[in-house]
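The structure appears right after this line, and notes come after that.
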Amino acid sequence: MKIYNCDVCGNQIYFENTLCLNCESQLGYLPLLDAMSSLEAVDDKRWKALAPNAQGTLYRKCQNYHKENVCNWMVPENDLVDFCLSCRLNEMIPDLSVPENRQYWYRIEIAKRRLVYSLLRLGLPLSNKKENSEKGLGFVFLADEEMPEILDTKKVVIGHDQGKITINIAEANDAIREKMRLDMNEEYRTLLGHFRHEIGHYYWYLLVADNEDLLQQFRGVFGDEEVDYNQALIRYYEEGPCADWSKRYVCAYASAHPWEDWAESWAHYLHMFDAFETALALGLTVKSKNGDELKIIHGEDRSLTFDSMKDQWWYLSIALNSLNRSMGMRDAYPFVWNDAVIEKLRFIHKVIGHFKKGVQS
């Protein structure tokens, strides 16, 4: 994630901001220009974007910004759709007649916008269901029948199905999510992590499933995805992961099925990509074993090899974990990559680069 500055006063602002806390200028994100722009009101609906690369273009606030206050993205003035690029992906939002659901939805939208930001930065295809009913992406945000007492009720299952990603809004409740993390013996469980995992399923479906060459390579790295998925999950939840999972997978759940292995690995690639960009934006550097200074990689640079990213991630993840420990918190990245995981991440890097170079149809 990049770091932005107010166009009026130069104060540092953040991706989620709607207002500069120094000069009180209103702010909005311009996704196609990758700019957090200060805004100048033209009338009650139109805003002049002050970001240099916007060149004074007029925008409207996304309807979920203007009316619901759960978004901060902008829509070009001449766009016929009232929602921004991120909110157009929503197929269903929570029932807002339930008071706590609005706060949960707000937290979910923050995580989703960070996901969409990364997808745009990586140059991956991104269309909604109205644009492409067959292969477009859509999000459904649902609550269990009773909130927040969800443990003994019918649950909404987080998952992906043909481009539709369902998220249980209970995951936006920190206490419930932490209980789930402990109950399932997970090292890491976050809203953003859920989005990154589920979008991995979507991009397997979009980029790999119909490409025979990539599909065969996938099977060589991850295994045969035609193994019965439902039976594999039942076996995993009844028997647990295989005894040597730590030697072949990035986490225990990845051992359940090749699709889950891919989705977990994809999520970790996005963790790495976004953390690198943030470190670069902050001007952070890390030291190698022999004391030489290493610059943090910008993940969008196609000339960088996966091995370069891998090596520098080792140093950056140690720095992240050390900082967290100094604050008395759990490790930010509590994972260790084995040789098999490295090859899986290398393949994902290849798939993304394969598409960006125009080879993927």
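The values are calculated or read from the model by the stated rules, or taken from the named source; none is laboratory data. Note that the structure is a prediction, hence the values are computed from the model and not measured. Don't worry about glycine lacking a Cβ; one is built from the backbone with ideal geometry, like all the others, and counts go over all protein chains shown. These area figures cover heavy atoms from the full protein model, side chains too; ligands, DNA and RNA do not enter into them. Shrake-Rupley method; radii C 1.70, N 1.55, O 1.52, S 1.80 Å.
Things to note:
- Only listed residue being out of contact with any strand residue (DSSP E or B) (no Cβ under 9 Å at 6 or more places or on another chain) and farther than 27 Å from residue 192 by Cβ, chosen from 7, 34, 44: 44
- Among the residues listed as 85, 58, 89, 96, the single one being over 19 Å from residue 131 (Cβ atoms), modelled with pLDDT of 95 or more, aliphatic (A, V, I, L, M) and open to solvent by less than 80 Å² (accessible area, probe 1.4 Å): 58
- Meets criteria (open to solvent by 60 Å² or more (accessible area, probe 1.4 Å) and either of a type in the set (Ser, Thr, Tyr) or closer than 30 Å to residue 143 by Cα (or both)) for residue 245: no
- Residues considered: 223, 193. Of these, the only one that is under 15 Å from residue 263 (Cα atoms), surrounded by 14 or more Cβ atoms within 10 Å (Cβ to Cβ) and free of Cβ contacts under 8 Å to residues at least 40 places away in the same chain is 223.
- Test: residue 164 is at pLDDT 95 or above and open to solvent by 40 Å² or more (accessible area, probe 1.4 Å): yes
- Filter pass, residue 188 being within 22 Å of residue 157 (Cα to Cα), of a type in the set (Ser, Thr, Tyr), touching a residue at least 12 places away in the same chain (Cβ under 8 Å) and open to solvent by less than 40 Å² (accessible area, probe 1.4 Å): no
- Verdict on residue 301 being at pLDDT 85 or above and open to solvent by 50 Å² or more (accessible area, probe 1.4 Å): no
- Any hit, region 106-129, residues being farther than 21 Å from residue 17 by Cβ, among the basic types (Lys, Arg) and either open to solvent by less than 70 Å² (accessible area, probe 1.4 Å) or at pLDDT 95 or above (or both): yes
- Matching residues, region 229-278, being of a type in the set (D, E, K, R) and either part of a helix (DSSP H, G or I) or at pLDDT below 95 (or both): 235, 238, 239, 244, 247, 260, 261, 264, 274, 277
- Any pair with Cβ under 6 angstrom, 6 or more apart, that starts in region 233-247 at a residue that is free of Cβ contacts under 8 Å to residues at least 60 places away in the same chain and ends at one that is surrounded by 15 or more Cβ atoms within 10 Å (Cβ to Cβ): 233/256; 236/256; 241/252; 241/255; 242/255; 245/252; 245/255
- Subset of region 214-247 [of a type in the set (A, V, I, L, M, F, W, C) and touching a helix residue (DSSP H, G or I) at 6+ places or on another chain (Cβ under 9 Å)]: 214, 215, 218, 221, 222, 227, 232, 233, 242, 245
- Some residue of region 189-198 being touching a Gly at 6+ places or on another chain (Cβ under 8 Å) and modelled with pLDDT of 95 or more: yes
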